[in-house]
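Visitor: Questions regarding the structure given below will be posed in turn.
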Amino acid sequence: MPRKRFASGTLNTPGTDASSLTSTNGPPPKSIPSTFTDSLPLPALIVFDLDYTLWPFWIDTHPSPPLKVNKDNTGMIDRYGETYTFYPEVPSILYEAKRRNILLGLASRTHTPDLANQSLRAIDVPVPEQYLKTGNSEGPEEKPQKAITFFTFREIYPGAKTRHFRQIQAATKSLAKKQEGIPKDGIAYEDMLFFDDESRNRDTERELGVSFYLVRDGVTRDEIDNGVRQWRKRQVPLRTVTAQILDDRKDVKVSML
């Protein structure tokens, strides 16, 4: 299978092809991002790209259809028997985010949205080991959930990522009518964090104000923490500028009286 190349022509992981990255062995590692538990602010919405961000392949070029889910529902198998699934730490990260009511979204420009959605509907996100029910546990047993259920917003089609985010922002306005805690004007771009593997998609930050974090080798706990910390650093100057603009408007109104 072809390996990923960045714009510079360098290989994503020298000496490692996509087929060796698609399968995972054993249970996913315990991956609770520390920023999820440090009691500091979190983005209102975290959005992910798919290819080489949540999973180590291009869904529109690497798998050869038809695809079918594997026997334990943790990945997709193509016509040649190759297995395609998430990066190792992704399932537990998704699980931890949902437990904490962190809204998640997807923004992918893949040319095969049907294959992407098929995979997301078929692949299970397992319950992390620390939450599995033991013999002395009380209450209902937690069960694996389909990956697609973790993402409130899904924009999966060819096009600019700025278009994806405009659609997502509009969708948050609709959600605000049904769900408490979301501003009536929807979630502001400044309160969104975007993980993507292509630097060209930083235009979401330049044009819209979304916090963009460049992922080089897939989403991990450390990448989540680094992205959240970067988002936090941006909040102080952003809020300072906003406050100054509001103060200036007040001064203008007073001078006009």
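The values are calculated or read from the model by the stated rules, or taken from the named source; none is laboratory data. Keep in mind that what you see is a predicted model, and the values were worked out from it rather than measured. Glycine also receives a Cβ, built like all others from the backbone with ideal geometry; neighbour counts cover every protein chain displayed.
Visitor: It is to be established whether one or more residues within the stretch 79-88 are in contact (Cβ under 8 Å) with a residue 24 or more places away in the chain and not in a loop (DSSP other than H, G, I, E, B).
Guide: Yes; the residues of the stretch 79-88 include at least one that is in contact (Cβ under 8 Å) with a residue 24 or more places away in the chain and not in a loop (DSSP other than H, G, I, E, B).
Visitor: Inspect the stretch 57-69 for any residue being surrounded by fewer than 22 Cβ atoms within 10 Å (Cβ to Cβ), at pLDDT 95 or above and not in a loop (DSSP other than H, G, I, E, B) and give the result as yes or no.
Guide: Yes, the conditions are met somewhere in the stretch 57-69.
Let's see how each residue does on (1) within 30 Å of N70 (Cα to Cα); (2) over 16 Å from the mean Cα position of the chain (by Cα); (3) of a type in the set (V, I, T):
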| site | (1), (2), (3) |
| --- | --- |
| I148 | yes, no, yes |
| R154 | yes, no, no |
| S174 | no, yes, no |
| E180 | no, yes, no |
| A188 | no, yes, no |
| R200 | no, yes, no |
| T204 | no, no, yes |
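Visitor: Based on what the data block shows, is E96 charged (D, E, K, R), under 18 Å from the mean Cα position of the chain (by Cα), buried (at least 18 other Cβ atoms within 10 Å of the Cβ) and over 19 Å from D49 (Cβ atoms)?
Guide: In short, yes.
Visitor: Out of the residues in the stretch 31-56 that are of a type in the set (S, T, Y) and surrounded by fewer than 18 Cβ atoms within 10 Å (Cβ to Cβ), state the one that is farthest from R109 (Cα to Cα).
Guide: S39
Visitor: While we're looking at this one, here's another question. Tell me, yes or no, whether the stretch 26-36 has at least one residue that is within 16 Å of A147 (Cα to Cα), modelled with pLDDT of 95 or more and not β-branched (V, I, T).
Guide: The answer is no; no qualifying residue exists.
Visitor: What number of residues in the stretch 42-80 are aliphatic (A, V, I, L, M) and within 30 Å of G181 (Cβ to Cβ)?
Guide: Qualifying residue count, the stretch 42-80: 7.
Visitor: I'm told D60 meets every condition in (1) more than 19 Å from I168 (Cα to Cα); (2) of a type outside the set (S, T, Y); (3) out of contact with any Ser or Thr (no Cβ under 8 Å at 6 or more places or on another chain) except one. Can you identify the failing condition by its number?
Guide: (3)
Visitor: Inside the stretch 99-111, can you point out the residues that are touching a helix residue (DSSP H, G or I) at 6+ places or on another chain (Cβ under 9 Å) and at pLDDT 95 or above?
Guide: Correct list: I102, L103, L104, G105, L106, A107, S108, R109, T110.
Visitor: Any residue in the stretch 127-154 that's small (G, A, S): show its pairings with residues that are assigned to a strand (DSSP E or B) and modelled with pLDDT of 95 or more at Cβ separation under 9 Å, as long as the two are six or more apart or on different chains.
Guide: Pairs that qualify, where the first residue is small (G, A, S) and the partner is assigned to a strand (DSSP E or B) and modelled with pLDDT of 95 or more, are A147/D124; A147/V125.
Visitor: Would you call P41 out of contact with any Ser or Thr (no Cβ under 8 Å at 6 or more places or on another chain), under 21 Å from D222 (Cα atoms) and at pLDDT below 95?
Guide: no
Visitor: Quick one: which residue in L50, L67 is over 22 Å from the mean Cα position of the chain (by Cα) and touching a residue at least 24 places away in the same chain (Cβ under 8 Å)?
Guide: L67 is the lone residue from the list that is over 22 Å from the mean Cα position of the chain (by Cα) and touching a residue at least 24 places away in the same chain (Cβ under 8 Å).
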